[in-house]
Amino acid sequence: MDTTRPIDRRSLLRRGAALSAAVTLGPLHASADAAQSVAGKTKVGVIGCGSVSRPYLSHLARSPLVELVSVCDILPERARQAADRHRIPHHYPHVDQMLAGTPFDLFINLTDMQEHERLNEQALEAGRHVWSEKPIANSLAGGQRLLELARKQRVRLWGAPTVVQSPQFAFMAKMLGEGKLGRMAAAHASYGHLGPNWAAFFYTEGGGSLPDLGVYNLTTLTGLLGPAQSVVAMTSVVTPTRQITARGEVIVTAEDNAMILMDHGNGVLSHVQSGFNYFTPHEHSSTQQDHHTITLIGTAGSMSLVGYDWAPHAVDLATHEQNRFQRHADARSDYVWENGASLVAECLATGREPLFTPEHALHVVEIMTAANESHKTGRRIPIRSTFKWPFV
Ligand SMILES: NC(=O)c1ccc[n+]([C@@H]2O[C@H](COP(=O)([O-])OP(=O)(O)OC[C@H]3O[C@@H](n4cnc5c(N)ncnc54)[C@H](O)[C@@H]3O)[C@@H](O)[C@H]2O)c1
């Protein structure tokens, strides 16, 4: 791989790159009178037929509890091609036509980040359950409004990423729960690459490395260490213009380089960094890497995640009793980052709840907006939201 260039869509996908999380809304039976499928399958409509739709549609097509009903894209050729590829009976060029067209239960939003909140709201208004790629909303207030609307409509709302579903997350949460690391002190997480080159939205207002990349590490660290109570951050733009395929030069107005410090309470501090200017000596691969992306340290132990949190493959752990690092949670599993829409479709069909919650996704949205505010004002920003924690 030419690591001096931004990451192109094909290589990112070929290597299984990318990510997902979700936002739930209380017990499934709360939505019993939503527009649900019978016969054990959830009828699904997918909006946004770009890069991430490929792994999503393949995963959904393999789920026995999913019926793919329609696809939609404002670039109609993309919707037609996605429909052809997966034998999906209906395709639409506009959300209004999709929502007024063949009925379905679950709206899967894979559009530009800046479009999520508006389209999620429209789908909830139309009585559909929603799974949204990240971010689920552009602000805490916007997300809370969506949750309230979902409750009112008696439907569910979820959002990417799904990192808390991995067996490696479960192992780390268990170690912390058992006190294996002693009194917790610190954690560090890092995720970056050279940036996508297929869409401008990553680099404009409402985009940035935090909602595209940092969101995974923020979800993992708050999931392991508990909700953040306050945040301090600095961000910057390292590359002021980008060449975007089929678009040309774009001026970068969202951060492409971010560092966040979180205070989790009880003295526990953590740090997340993300960026679109990160050289890596390895490919952006989900399975081949052995490098640590997240490290947690306490008075009696230290553990590090092997691989990205959206594609983890082991945890290295050393403790006071076992003071050489040993590898754990390295068995093959069926966890993949693009599983979120399939998991919630299965939840709607069976009542089996995923581990991710809307409150957690919204907490991470608040951290990301607080990070931008902290950078602008130079202040430490208190965080108001919280979520159900711990996971085990
Ligand atoms: N590409 C990845 O590997 C990847 C991985 C994980 C998550 N994501 C997330 O998925 C989302 C989409 O990213 P992408 O890389 O697929 O972008 P993309 O540009 O490849 O695809 C987005 C698609 O949405 C369509 N679209 C935009 N606004 C629309 C509207 N109002 N109605 C209908 N269609 C609309 C665009 O025409 C485009 O085809 C982003 O939130 C991104 O952060 C992407």
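The values are calculated or read from the model by the stated rules, or taken from the named source; none is laboratory data. No experiment lies behind these values; they were computed from the predicted model shown. Counting neighbours? That spans all protein chains shown, and the Cβs are built from the backbone with ideal geometry, glycine included.
Considering region 282-345, the qualifying strands (runs of 3 or more DSSP E), each wholly inside and each with 1 or more residues that are small (Gly, Ala, Ser) and without any contact (Cβ under 8 Å) to a residue 60 or more places away in the chain, run over 301-308, 311-319.
On the basis of being surrounded by fewer than 18 Cβ atoms within 10 Å (Cβ to Cβ), under 29 Å from PRO390 (Cβ atoms) and in the same structural domain as VAL364 (by TED's automatic domain parsing), does LEU296 make the cut?
Numbers: surrounded by fewer than 18 Cβ atoms within 10 Å (Cβ to Cβ): no; under 29 Å from PRO390 (Cβ atoms): yes; in the same structural domain as VAL364 (by TED's automatic domain parsing): yes.
Against the criterion (surrounded by fewer than 18 Cβ atoms within 10 Å (Cβ to Cβ), under 29 Å from PRO390 (Cβ atoms) and in the same structural domain as VAL364 (by TED's automatic domain parsing)), LEU296 does not qualify.
Checking each residue in region 82-102 for being more than 10 Å from the ligand (Cβ to nearest atom), closer than 18 Å to ARG54 by Cβ and surrounded by 16 or more Cβ atoms within 10 Å (Cβ to Cβ) picks out ALA83, HIS86, ILE88, HIS91. Pairing residues of region 125-152 that are in the same structural domain as GLY101 (by TED's automatic domain parsing) and crowded, with 19+ Cβ neighbours inside 10 Å with residues that are at pLDDT 95 or above and hydroxyl-bearing (Ser, Thr, Tyr), at Cβ distances under 7 Å and at least 6 apart in sequence or on separate chains, gives LEU140/THR369; LEU140/SER385. Taking region 186-206 as the range and being more than 9 Å from the ligand (Cβ to nearest atom) and of a type in the set (Gly, Ala, Ser) as the test, the residues that pass are ALA186, ALA187, ALA189, SER190, GLY192, GLY195, GLY206.
Residue count for region 40-65 under the criterion of being within 17 Å of GLY159 (Cβ to Cβ) and either outside the structural domain of TRP131 (by TED's automatic domain parsing) or hydrophobic (A, V, I, L, M, F, W, C) (or both): the result is 5.
Residue check: is ALA150 in a helix (DSSP H, G or I), closer than 26 Å to THR222 by Cα, away from the ligand (no atom under 15 Å from the Cβ) and in contact with a Leu (Cβ under 9 Å, 6 or more places away or on another chain)?
On the way: in a helix (DSSP H, G or I): yes; closer than 26 Å to THR222 by Cα: yes; away from the ligand (no atom under 15 Å from the Cβ): yes; in contact with a Leu (Cβ under 9 Å, 6 or more places away or on another chain): yes.
Answer is yes for this residue.
Residue-wise test of (1) assigned to a helix (DSSP H, G or I); (2) touching a His at 6+ places or on another chain (Cβ under 9 Å); (3) within 16 Å of the ligand (Cβ to nearest atom).
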residue	(1), (2), (3)
GLY179	no, no, no
PRO211	yes, no, yes
VAL215	yes, no, yes
THR235	no, yes, no
GLN243	no, no, yes
ALA254	no, no, yes
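Considering region 106-137 alone, what residues qualify as being more than 8 Å from the ligand (Cβ to nearest atom) and assigned to a helix (DSSP H, G or I)? If the condition is that a residue be more than 8 Å from the ligand (Cβ to nearest atom) and assigned to a helix (DSSP H, G or I), then GLN114, GLU117, ASN120, GLU121, GLN122, ALA123, LEU124, GLU125 are the ones that fit. Of the residues that make up region 155-176, is at least one within 24 Å of LYS43 (Cα to Cα), part of a helix (DSSP H, G or I), outside the structural domain of PRO312 (by TED's automatic domain parsing) and in contact with a strand residue (DSSP E or B) (Cβ under 6 Å, 6 or more places away or on another chain)? Looking through region 155-176, none of the residues is within 24 Å of LYS43 (Cα to Cα), part of a helix (DSSP H, G or I), outside the structural domain of PRO312 (by TED's automatic domain parsing) and in contact with a strand residue (DSSP E or B) (Cβ under 6 Å, 6 or more places away or on another chain).
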